[in-house]
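Written out below as structure tokens is the structure these notes cover.
The values are calculated or read from the model by the stated rules, or taken from the named source; none is laboratory data. Keep in mind that this is a model prediction, so the values were computed, not measured. Reconstructed Cβ throughout: ideal geometry from the backbone, glycine too, with neighbour counts over all protein chains shown. Please note that ligands, DNA and RNA were not included when accessible areas were found on the heavy atoms of the full protein model with its side chains. Shrake-Rupley method; radii C 1.70, N 1.55, O 1.52, S 1.80 Å.
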Amino acid sequence: MSQGNSAEFAVEIQQVVKHYGSVKALENVSLTIRDNEFFTMLGPSGCGKTTLLRVIAGFESVTSGRVFLFGDEIEGLPPNKRPVNTVFQQYALFPLMTVSQNVAFGLLRLKYPKAKVEARVQEVLDLVQLSALAERRPSQLSGGQQQRVALARALAPEPKVLLLDEPLSALDLKLRQAMRVELKRIQEETGITFVFVTHDQEEALTMSDRIAVMSDGQVQQIGSAREIYEQPRNRFVADFIGETNLLDVKVEQIGKGVATCRLSNGKALEAIPAGEVTTGTAGYVSIRPEQITLDRSGGDSLLEGVVDRLIYLGSGTQHLIRLPDGAEMIVKSQSTLQQAQAFKPGDAVGLCVNPGAVRLLVD
Amino acid sequence: MAGATGQDTGQEGPGVYAEVRNWLLAPSWLTIAIFMLMPVLLMAIYSFLTKEFRGGVIWDFSVASYDQFFLDRGLFGDEPPQLQWAYLTIYARSITQAGVATLLCLVIGFPTAYFIATRPASTRTGWLLLVTIPYWVNLLIRTLSMKFLIRDTGPINEWLMAYGFLDTPIKMINTDFAVQLGLFYSYLPFMVLPIYAAVERYDFALTEAAADLYSDRWTTLRLVLLPTVAPGVIAGCILVFVPSLGAFLAPDLLGGAKNFMIGSLIEEQFKGQSGNWPFGATCAMVLLTMVLVAVFFYARQQAKSTRAGS
């Protein structure tokens, strides 16, 4: 692994540690990013995702560890010697230059011939649909337009990897949603590897080929959107991605890929373990709100409780259920035309869980 | 500025407040009138009066001072007039000296300001204080100290000779260099402070963006940092150049007799019994006109480039 600097990976991070004095920003991070991939680093603020991006860009040196770009070690190279480009969070457009001068900046530093610079500027401005504003200055553009200029400027020199540092966070919701589709389209059209940093899980889930969930300077899990949502590896991932219900359990019996667990109310349920488990250990089960169905209190439901509150979400309804031990469960149901089944606060309900949707976590 | 604030308060309470507001501005107007407009006006009037031999003026209109400044009519004043070079030469020398001093201030002041502006915010005030500490001492004392420092038997020459670097002292005192050094020392903070203010506002993400786009340090400085902080640099240059032009302490004490500058020329006209007040006023008026014309052209240039930019 330590010499596995294969050229098939766009970026390879090996045991990178970054300390700022006593603050540990990155602790032994290793990951690989494939060529042509839309790779997202997702985590709460302070988790080290931006630091890792800046390590790849060359703005931060590492305390220890190695960084490879298509098999070449780049750790120690200054940013201007690395064939990667960055879209900055606040765009960092050169205020005194026009849009086309901003976009041409990198090409001119790379000594592209003049005709080629002009053609390339035109090409990327077309790609981000900004050709009409080429002679404007950044201060005369809206936030969304500035964002496109930043993208065009970073794409123009045809980087091997494009780094994006929360580029959508300054935009309003509608624009952000439109830009998600746009970014994905541009990534697919150009075939450039995108490394995208965000704290917004919806952004990560909708755009990424693979996601690295980070917290406390460490990678918690890497996988496709579906994998990290449906098969979280630990409690942090289950809790951070989407909403989930976590229940204390004790592992009673381990079968083939399934563990039988005992809930605190004495009932048993089957869960898929997220890793190695042993009989008798305490853990949690994670159940997504949409994997639970409610019925009028009967005898055979897994849990029983009382409806505490209903939150109408348009596409569905979120029920907050109070359990006898005081814990609260979230249950989401799709809106249907038959509202006869609707529950009211105070109703006693039984909760049934879809088999196969329960995840056992023991960290 | 005053007009803009005036409009705001005028909207809140028309009538009564508008009148009060004008009265509140009166002290400012009075201060400007007494301490800025009056002296300049007085100087302009005096430059057109006739000189009295023991200093002072006779209230008779005359253009004799301007004639003396610009035209050479020979020793007895009866030859056909030619352009008088004596004073213009002093002005040209002053401009050169002030220009070199400004350049020195820029070369030393810019890195200093950049250094301070890039320290952690909590320590910047301390650094700025260090820059200003020498200025708690009177300018005359500081200029005299400089004289003792660089004279032939001063510590610099003596040390260099004691350690065998030199056989004869370097001639520093009474040279152009001494004057430039004195001016540089006198006005350095006027360069540092505006540049500091500009660099402090500068967004260093732009430097990162430039580096990310394959720009080396010098190119980033030339194409990104300098254009962005240019207003601060220009303000610093004006603040150093203009007072350097009229300075007389440094040229007098460090430059000796052959490095006569505008400041000394004017000073001489008002000193003792040998003075010539109208001529001194004329010298000052010519200097003022030159500076005003330069500032006017600069301002017009700025306005033009701002308009082109937007």
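Taking the DSSP bridge list for the protein assembly as shown and keeping only pairs wholly inside it, about 75 percent are antiparallel. Shape class of chain B from the Cα gyration tensor (axes a ≥ b ≥ c, square roots of the eigenvalues): oblate, since a/c reaches 1.5 or more and a/b does not exceed b/c. Shape verdict for segment A:207-363, please, from the Cα gyration tensor: rounded (a/c under 1.5), prolate (a/b greater than b/c) or oblate. Oblate, since a/c reaches 1.5 and b/c is not below a/b.
Label separation (A:Asp325 vs A:Lys256): 3.2 nm, computed from points 7 Å beyond Cα along the C-beta direction. Over chain B, dividing the summed -39,500 (n - 2.57) contributions of all DSSP H runs of at least 4 residues by the number of residues returns a 222 nm mean residue ellipticity of -22000 deg cm²/dmol.
The candidates B:Tyr163, B:Tyr298, A:Tyr112, arranged from most to least accessible area with a 1.4 Å probe in the full protein assembly, appear as B:Tyr163, B:Tyr298, A:Tyr112. Straight distance only, please: which aspartates and glutamates reach the Cα of A:Lys24 with their own Cα at less than 12 Å, same-chain residues fewer than 8 apart left out? Answer for A:Lys24, where 12 Å is the Cα cut-off: A:Asp216, listed by chain and number. Short-range pairs are left out: with C-alpha atoms under 8 Å and at least six residues apart, the relative contact order of segment A:102-227 is 20 percent.
Between the beta carbons of B:Phe177 and B:Asp67, assuming R0 = 41 Å, the FRET efficiency works out to 0.70 to the nearest 0.05.
Relative contact order, whole percent, for chain B stands at 25, derived from Cα pairs under 8 Å and 6 or more residues apart. Most tightly packed first, judged by the mean number of other beta-carbon atoms within 10 Å of their residues, the peptides A:16-28, A:304-316 read A:16-28, A:304-316. About its Cα centre, the dipole of segment A:75-159 is roughly 240 debye, where the only charges are +1 on Lys and Arg Cβ and -1 on Asp and Glu Cβ.
The GluC sites (Glu not before Pro) of segment A:123-222 that meet both conditions, a loop assignment by DSSP and at most 15 other Cβ atoms within 10 Å of the site Cβ, are A:Glu135.
Can you figure out the FRET efficiency of B:Phe204 with A:Ile272, using R₀ = 45 Å and their beta-carbon distance, to the nearest 0.05?
0.40
Secondary-structure-derived ellipticity at 222 nm for chain A, considering helices only, amounts to -7000 deg cm²/dmol, per-run term -39500 (n - 2.57) for DSSP H runs with n ≥ 4.
Counting only protein chains, not ligands or nucleic acids, how are B:Met261, B:Met161 ordered by accessible area (probe 1.4 Å), most first? Intermediate values should be presented prior to the final figure.
Numbers: B:Met261 0, B:Met161 65 Å².
Most to least solvent-accessible, the answer reads B:Met161, B:Met261.
Annotation: amide H-H contacts under 5 Å for A:Gln253 (H modelled 1.01 Å from N, sequence separation of 5 or more, or interchain): A:Thr260. Full extension of the chain segment joining B:Gln84 with B:Thr289 gains 72.0 nm, where the gain is 0.36 nm per residue of separation less the Cα-Cα distance. Within chain B, the whole DSSP H helices whose Cα atoms reach 15 Å or more along their own axis and whose mean Kyte-Doolittle score is at least 1.0 are B:85-117, B:139-150, B:226-246. The value of relative contact order for chain A, using C-alpha pairs under 8 Å at least six residues apart, is 15 percent. A 1.4 Å probe over all protein chains sorts B:Arg21, B:Arg142, B:Arg151 by accessible area into B:Arg151, B:Arg21, B:Arg142, starting with the largest. With the whole protein complex present, B:Phe115 retains an accessible surface near 80 Å², based on a 1.4 Å probe. Each Lys and Arg contributes +1 and each Asp and Glu -1, all at the Cβ; summed about the Cα centre of segment B:161-287, the dipole is approximately 280 debye. Look at the stretch A:71-81: the mean tally of other chain Cβ atoms within 10 Å of its residues' Cβ atoms is 2.
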